[in-house]
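Only the coordinates and a few stated rules stand behind these numbers; no lab work does. Keep in mind the model is a prediction, meaning the values are calculated, not measured.
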Amino acid sequence: MLDFLAIAYPWVKALHIMSVISWMAALFYLPRLLVHHTERVGLEGETHSLFTMMEGKLANVIMRPAMIATWIFGLGLVMTPGIVDWSMIWPWTKLVGVVLMTVFHVWLVRRVKSFALGENNLTGRQYRMMNEVPTLLMILIVLSVVVKF
């Protein structure tokens, strides 16, 4: 199995990068949709139904599969011999960043479900602030992997 991972490493890495890009695009876009849903649309009517459908498809058709693929290919990279030195700090900071990104993902899915139920208790400003979370986590993750601090 480990020999296969070593041979497949460039492919697994490429697929991991593509999955991360897809996941991050959704994590950046969904909070913006929630801002507009909150500030411009409200919780009823035809436009509310349209936004609810768009948010649900983004979360379930793009974001969830991209997150799952990111985790699968990421774990494949971690299991590849010689790639990760767990005695260093960077793999741990990256792991913390990815786990926090996953927690943010789950939080967004819960927000989408609450909108679908016609409920929302956050303001557009709060969603704007939450929109910065994936950026901060991305910085932590990329610096961890590239700089290896």
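Couple of notes before you dig in:
- Within the chain, the whole DSSP H helices whose Cα atoms reach 30 Å or more along their own axis and whose mean Kyte-Doolittle score is at least -0.5 are 2-36, 90-116.
- Max mean-square fluctuation residue, GNM over the chain, Cα-Cα springs under 10 Å, options 82, 118, 74: 82
- Counting all C-alpha pairs of the chain, share separated by more than 26 Å (%): 33
- Within the same chain, lysines fewer than 8 places from residue 13 are excluded, and of the rest, those with a Cα less than 21 Å from its Cα are 94, 148.
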